[in-house]
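Structure first, then comments.
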Amino acid sequence: MSGNQRLGRRGFLKASGLLTGGLVVGFQVPLAKRAAAQTPPTGKLPPPNAFLRIGADGSVLVLLAHSEMGQGIWTTLPMLIAEELDADWSKVKAQHCPVAPVYGHTAFGFQITGGSTSTHSEFDRYRQVGAMARALLVQAAAAKFGVKPEDCRTEKGFVISVGKKAGYGELAEAAAKFPAPEKVTLKDPKDWRIIGKTTKRLDSPEKVNGTAQFGMDVHFPGMLTAVVARSPGFGGKVKSYDAKAALAVPGVRQVVQVPSGIAVLADHYWAAKQGREVLKVDWEEGPTAGLDSVKLRGEFHKLAATPGMPAAKAGDADAALGKGTILEAEYFVPYLAHAPMEPLNCTVKLSEDKCEIWSGTQLQTVDQGVAAQITGLKPEQVEIHTTFLGGGFGRRATPTSDFISEAVQVAKASGKLVKVVWSREDDIRGGYYRSSFLHQAKVALGSDGHPSAWKHAIVGQSIMAGTMMEAMMVKDGVDATSVEGVSDSPYMKEVPDHLVHLHSPKTGVPVLWWRSVGHSHTGFVMECLIDELAHAAKQDPAEYRRMLLKDHPRHLAALNLAVEKSGWDKPPEEGHFRGVAVHESFGSYVAEVAEVSVSKEGQLKVHKVTCAIDCGLAVNPDGVKAQMESGIIFALSAVLHGEITFADGRVKQRNFHDYPVLRMNEAPLIETHIVPSTGKMGGAGECGVPPLAPAVANAIFAATGKRLRELPIRADQLKQA
Amino acid sequence: MITLTVNRKKHDVEADPSTPLLWVLRDLLHLTGTKFGCGMAQCGACTIHLDGEAVRSCVTPVSRAEGKQVTTIEGLSEGNSHPLQVAWIEEDVPQCGYCQSGQIMSAAVLLREKPVPTDEDIDMAMSGNICRCGTYQRIRCAIHRAAEMSKGGAK
């Protein structure tokens with residue numbers, strides 16, 4: 001039985017900080033299949049009020065099973081409830097939920113925000129919650145009015161019957177006493193007044209006046225702030241340390257050893273940082289002592305020529321590659337840091353029977369389990385208060401719970417209420433990167449212009465190996481996230497003889513999913529290769545894709561819309577050139593047309609990106625557009641600047657001066673169009689990323705005739721002789 | 001003891017004069033709207049006004065603020081009434097929101113200096129502020145919108 005069920009309703013509300021007055025609607029919440037599997041076989045339902053509270057003042061508080069990190073889920077999930085509830089939108093507020101099995105992801109079972117799944121995975125659950133609450137309110141109103149529930153209707157926070165009207169606030173207490181309906185009927189989409197309509201973000205007001213609470217802003221009287229001296233190379237261990245000088249820094253209170261290094265605790269961050277600077281630590285080198293990017297790339301290159309684990313196979317690629325025009329190409333992308341704007345941090349308050357954690361995290365269930373292990377407490381004794389996340393991009397969902405577990409270790413070792421703060425340097429140098437990847441492709445072009453044989457080697461680290469998700473994601477030695485976008489590419493499937501094979505070398509570099517995961521490199525490689533093939537076949541790149549994708553209507557719809565809106569058929573402004581790409585990821589289909597110019601000195605400028613997405617229903621259309629803009633800028637950062645490199649076992653980059661990200665003066669105009677679609681709902685947070693790099697690289701080819709096969713793009717590669 | 005005037009209120013703080021103003025604001029005065037992003041004046045998340053000028057508080061020693069007016073995002077307006085805050089909400093600018101205090105503080109100085117800024121003015125004034133969520137286009141639109149609103153108000 002879960003901790004919160006054992007706590008009972010009052011305990012649960014108290015634990016989750018929800019006992020703040022006002023009345024609650026005590027209905028029971030339907031379970032999605034996977035979450036149901038976690039509940040005891042007695043069929044006892046989870047605690048009431050898990051997702052929604054209606055106050056006596058008519059306020060509607062929606063509890064979010066997913067973390068707000070910029071993607072807009074703070075607004076999207078309340079929209080789903082408000083729609084079915086017929087709520088007054090101006091009275092709707094949101095709050096992150098606590099950690100409890102009832103909030104498990106409807107597909108994965110545990111609490112996670114990731115994979116661009118939050119909206120589509122909650123589409124039914126949150127609407128059902130709204131519909132259940134509405135049914136209860138109608139019952140309460142019918143009893144009050146002395147009419148049948150069928151004779152009541154609901155509108156903007158009121159139940160209305162002939163000549164009678166009652167607000168949800170005044171009905172809430174009575175509604176809570178009715179048994180929860182066993183079945184609810186959801187609205188016909190034609191009756192939606194919120195879903196599908198552009199809705200302003202609920203979190204904007206507090207994000208424009210500094211009151212939004214991020215993990216970094218957590219403060220309690222008596223709290224200390226800690227920074228941790230970590231191994232300068234990955235996996236190094238403390239041999240010995242001398243804390244004398246650090247302890248002499250005014251404000252420094254304590255120095256403790258934890259598994260990841262030495263923590264300096266002080267009254268505030270600046271003192272802790274000063275203390276760390278004079279702390280003496282003797283490190284034992286870890287297994288990556290000689291790590292070197294140039295050498296690594298050489299090893300990846302060699303590996304690509306040897307047989308890897310097959311990820312997709314049809315016919316006999318080797319034999320078929322003997323005929324036709326042969327195109328051979330090697331593509332390369334570097335390691336990348338996520339670099340969210342808010343450096344990592346976590347606050348922990350540990351007592352004998354409770355561990356409280358405040359942090360912006362994407363992976364609460366795992367964090368809870370890890371904290372329980374460290375402290376010897378039961379998982380239900382670990383409470384997590386999820387704050388706003390100052391960006392995530394995958395970095396705040398670590399299967400090792402690195403930044404959460406370290407803070408728990410510091411609290412345990414020091415016995416203090418402590419906030420552990422990472423500096424930007426700690427973040428950039430601290431690992432958990434998107435792995436570098438090298439692709440080698442050999443493609444035969446048939447006389448009809450179609451690729452007739454394709455052999456494709458992929459080399460890069462597995463992010464799933466060694467994690468709790470390995471069993472689900474690694475099959476026959478192939479990490480699905482290393483090959484997604486190639487092995488399941490609509491192009492590849494049509495090639496009669498093909499082989500996609502994978503090498504997953506172990507380098508000792510900690511790696512992690514990074515916005516759009518495998519698609520962050522496979523989209524680039526595949527859409528550039530298709531461009532190369534179009535050129536070899538002497539066809540227009542858009543027309544060529546239309547030919548190859550003729551049986552893939554959603555790819556086509558996105559492609560056609562982006563191409564049309566970009567003015568593809570008309571010549572661009574003098575000196576400007578266009579490139580196109582289309583890629584499916586996370587269930588959505590995105591096409592982008594980049595318009596660029598390249599100066600004689602090799603200066604690349606991306607002027608405009610025209611984007612089209614088919615994500616099925618866009619619950620909040622402007623939210624989808626915001627995510628396309630965000631993904632495009634994030635991807636362009638990687639195209640123009642992103643690169644983590646190693647020399648002598650050390651990360652060479654430290655901060656935004658040598659790990660630059662895109663700035664205002666480099667930001668292109670972005671125009672996003674949403675394909676009207678009844679297709680299955682996909683994600684929005686990540687799918688804008690993959691088509692950007694190839695669209696830009698293909699535009700550069702159009703501008704210069706130079707085929708750039710590695711990222712980031714450097715001016716010296718583009719200099720015209 | 002250092003006496004600071006922050007958002008028109010006087011504070012006495014115990015801090016070494018070399019302590020960056022950012023940490024005095026955040027950790028001693030608990031004005032956490034001003035953000036830590038890089039610690040080396042690269043990202044602009046810590047932007048505040050010192051006697052009306054935009055400065056990066058992460059590299060500004062607290063001693064420099066003595067005898068000057070410090071304005072943080074908390075002191076920019078009452079009730080989100082600054083035209084930039086209104087425009088930011090209208091354009092749905094924020095995503096994660098972490099950089100937006102600094103963005104708005106930079107933009108406020110720009111608008112004061114150039115009430116009707118061009119795109120080039122915006123590039124010049126705002127390129128010191130990083131937004132990792134990539135809200136640049138909306139920031140640009142919101143600055144133009146705020147300029148329009150201010151113009152209307154002046155009539």
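The values are calculated or read from the model by the stated rules, or taken from the named source; none is laboratory data. Model, not experiment: these values are computed from the prediction. FYI the Cβ positions are ideal-geometry reconstructions off the backbone, even for glycines, and counts take in every protein chain you see. Remember, those area values only see protein heavy atoms, side chains included, never the ligands or the DNA or RNA. Shrake-Rupley method; radii C 1.70, N 1.55, O 1.52, S 1.80 Å.
If the condition is being within 13 Å of chain B (Cβ to nearest Cβ) and open to solvent by less than 40 Å² (accessible area, probe 1.4 Å), then region A:183-201 contributes A:Thr199, A:Arg201. Residue count for region A:619-650, restricted to those that are open to solvent by 10 Å² or more (accessible area, probe 1.4 Å) and more than 9 Å from chain B (Cβ to nearest Cβ): 12.
For region A:56-78, residues that are open to solvent by less than 10 Å² (accessible area, probe 1.4 Å) and over 22 Å from the mean Cα position of the chain (by Cα) total 1. Restricting region B:128-150 to residues that are closer than 12 Å to A:Ser630 by Cα and charged (D, E, K, R), the residue that is nearest to the other protein chains (Cβ to nearest Cβ) is B:Arg132. The condition (being under 30 Å from A:Thr387 (Cα atoms) and under 15 Å from the mean Cα position of the chain (by Cα)) is satisfied by just one residue among B:Ile89, B:Ile139: B:Ile139. Here A:Val443 meets each of (1) open to solvent by 10 Å² or more (accessible area, probe 1.4 Å); (2) farther than 22 Å from A:Arg230 by Cβ; (3) of a type in the set (Val, Ile, Thr) with one exception, condition (1). Pairing residues of region A:528-557 that are on the phi > 0 side of the Ramachandran plot with residues that are surrounded by 19 or more Cβ atoms within 10 Å (Cβ to Cβ) and not in a loop (DSSP other than H, G, I, E, B), at Cβ distances under 6 Å and at least 6 apart in sequence or on separate chains, gives no pairs at all. Condition (residue is on the phi > 0 side of the Ramachandran plot, under 31 Å from the mean Cα position of the chain (by Cα) and within 14 Å of chain B (Cβ to nearest Cβ)) applied to region A:208-217: is it met by at least one residue? Yes, region A:208-217 contains a residue that is on the phi > 0 side of the Ramachandran plot, under 31 Å from the mean Cα position of the chain (by Cα) and within 14 Å of chain B (Cβ to nearest Cβ). Please work out if A:Thr672 is of a type in the set (Ser, Thr, Tyr) and more than 13 Å from chain B (Cβ to nearest Cβ). The answer is no for A:Thr672.
Only one of the numbered conditions (1) over 30 Å from B:Cys96 (Cα atoms); (2) open to solvent by 10 Å² or more (accessible area, probe 1.4 Å); (3) out of contact with any helix residue (DSSP H, G or I) (no Cβ under 8 Å at 6 or more places or on another chain) is violated by A:Val162, and that is (3).
Filtered by the rule that a residue be touching a residue at least 12 places away in the same chain (Cβ under 8 Å) and more than 8 Å from chain A (Cβ to nearest Cβ), region B:115-127 gives B:Pro115, B:Val116, B:Pro117, B:Asp119, B:Ala125.
Any residue that is of a type in the set (Ser, Thr, Tyr), in a helix (DSSP H, G or I) and more than 16 Å from A:His503 (Cα to Cα) - is there at least one of those in region A:462-475? No, every residue in region A:462-475 fails to be of a type in the set (Ser, Thr, Tyr), in a helix (DSSP H, G or I) and more than 16 Å from A:His503 (Cα to Cα). Count of region A:529-570 residues, restricted to those that are open to solvent by 40 Å² or more (accessible area, probe 1.4 Å), out of contact with any strand residue (DSSP E or B) (no Cβ under 7 Å at 6 or more places or on another chain), of a type outside the set (Asp, Glu) and assigned to a helix (DSSP H, G or I), is 5. Taken together, the criteria place A:Ala471 among residues that are surrounded by fewer than 21 Cβ atoms within 10 Å (Cβ to Cβ) and without any contact (Cβ under 8 Å) to a residue 40 or more places away in the chain. Checking the structure you have, find out if any residue of region A:612-634 is out of contact with any Pro (no Cβ under 6 Å at 6 or more places or on another chain), free of Cβ contacts under 8 Å to residues at least 40 places away in the same chain and small (Gly, Ala, Ser). No, the conditions are met nowhere in region A:612-634. From the list A:Glu686, A:Glu666, A:Glu671, the one residue that fits, being under 23 Å from A:Leu718 (Cα atoms) and acidic (Asp, Glu), is A:Glu666. The criterion of being in contact (Cβ under 8 Å) with a residue 12 or more places away in the chain and more than 39 Å from the chain's Cα centre (by Cα) holds for A:Ala141.
Across region B:64-83, the number of residues qualifying as within 8 Å of chain A (Cβ to nearest Cβ) and touching a helix residue (DSSP H, G or I) at 6+ places or on another chain (Cβ under 8 Å) comes to 5. Contact map, region B:84-100: first residue at the interface with chain A (Cβ under 8 Å from one of its Cβ atoms), second residue among the basic types (Lys, Arg) and not in a loop (DSSP other than H, G, I, E, B), Cβ cut-off under 6 Å, separation 6 or more or different chains; pairs are B:Val93/B:Arg138; B:Pro94/A:Lys207; B:Gly97/A:Lys207; B:Gln100/A:Lys207.
Within region A:348-361, residues that are farther than 18 Å from A:Gly222 by Cα and β-branched (Val, Ile, Thr) have Cβ atoms under 6 Å from residues that are open to solvent by less than 60 Å² (accessible area, probe 1.4 Å) and outside any strand (DSSP E or B) in these pairs: A:Thr361/A:Asp367; A:Thr361/A:Arg396, counting only partners at least 6 apart in sequence or on another chain. Of the strands (runs of 3 or more DSSP E) lying entirely inside region B:36-129, the ones with 1 or more residues being modelled with pLDDT of 95 or more and small (Gly, Ala, Ser) are found at B:53-56. Test each condition in (1) farther than 30 Å from B:Gly134 by Cβ; (2) surrounded by 22 or more Cβ atoms within 10 Å (Cβ to Cβ) for B:Lys10 and report the one that comes out false. Going through the list (1) farther than 30 Å from B:Gly134 by Cβ; (2) surrounded by 22 or more Cβ atoms within 10 Å (Cβ to Cβ), B:Lys10 breaks only (2). Scanning region A:652-675 for residues that are surrounded by fewer than 16 Cβ atoms within 10 Å (Cβ to Cβ) and in contact with a helix residue (DSSP H, G or I) (Cβ under 9 Å, 6 or more places away or on another chain) returns A:Lys652, A:Asp658, A:Asn665, A:Leu669. Once region A:266-301 is narrowed to residues that are of a type in the set (Gly, Ala, Ser) and modelled with pLDDT of 95 or more, the residue that is farthest from A:Lys244 (Cα to Cα) is A:Gly298.
Given the structure, is A:Asp217 out of contact with any helix residue (DSSP H, G or I) (no Cβ under 6 Å at 6 or more places or on another chain), open to solvent by less than 30 Å² (accessible area, probe 1.4 Å) and acidic (Asp, Glu)? Yes, satisfied. Under the condition of being more than 17 Å from B:Cys131 (Cα to Cα) and either charged (D, E, K, R) or at the interface with chain A (Cβ under 10 Å from one of its Cβ atoms) (or both), the residues counted in region B:33-57 number 2.
Screening the candidates A:Val651, A:Val675, A:Val689 for the property of being among the hydrophobic types (A, V, I, L, M, F, W, C), modelled with pLDDT of 95 or more and under 21 Å from the mean Cα position of the chain (by Cα) yields one hit, A:Val689.
Yes or no, residue by residue, for (1) open to solvent by 40 Å² or more (accessible area, probe 1.4 Å); (2) in contact with a Lys or Arg (Cβ under 7 Å, 6 or more places away or on another chain):
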position	(1), (2)
B:Cys46	no, yes
B:Gly52	no, no
B:Val55	no, no
B:Cys58	no, no
B:Pro61	yes, no
B:Gln69	yes, no
B:Thr72	no, no
B:Ser77	no, no
B:Val86	yes, no
